[in-house]
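Just so it is clear, none of the values below were taken in a lab; they were calculated from the coordinates. Not measured: the values here are computed from a predicted model. Positions of Cβ are generated from backbone atoms using ideal geometry, with glycine treated the same way; all protein chains shown enter the neighbour counts.
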Amino acid sequence: MSVPTYPSSSYQQPATRASTNGLSVASLVLGVLWIWGIGSILALIFGYISLRQIKERGEGGRGLALAGVVLGWVGVGGAVLLTALLVIAAASSPDSCGWVWNGARYVYSC
């Protein structure tokens, strides 16, 4: 009795995907959260570090890192703009209460 022969299979293993860099994910999340500008600064730091690691290690997540860097710069610009507006508003608002010279003496007036 003979053993039947089957044609050889040309099945290949699927290509392995590069793992996503964790700092790129952190950069994107912190860029979205903003957290009064601190998140934006951390998004920039993590984003630039992850871009370097992705280039050196061949990892995935370059798009996430770039998005985190862009959102980080947008957040820094927003924090600078907000700070400038608050300073201008505080400098231009009249004091509602304070000591006023009435010609003879200082009087506290509201």
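Between ILE38 and ILE88, the modelled labels are 2.8 nm apart [label points 7 Å from Cα along Cα→Cβ].
Summarising the amide proton neighbourhood of GLY61: residues at separation of 5 or more, or on other chains, whose placed amide H is nearer than 5 Å comprise ASN21. The Cβ shell under 9 Å around SER50 holds other residues with a net charge of +1, Lys and Arg each +1, Asp and Glu each -1. When peptides 67-74, 83-90, 24-31, 101-108 are sorted by average Cβ neighbour count within 10 Å, with the highest value leading, the order is 24-31, 67-74, 83-90, 101-108.
Segment VAL76..THR16, full-extension length gain: 17.9 nm, with 0.36 nm per residue of separation and the alpha-carbon distance subtracted.
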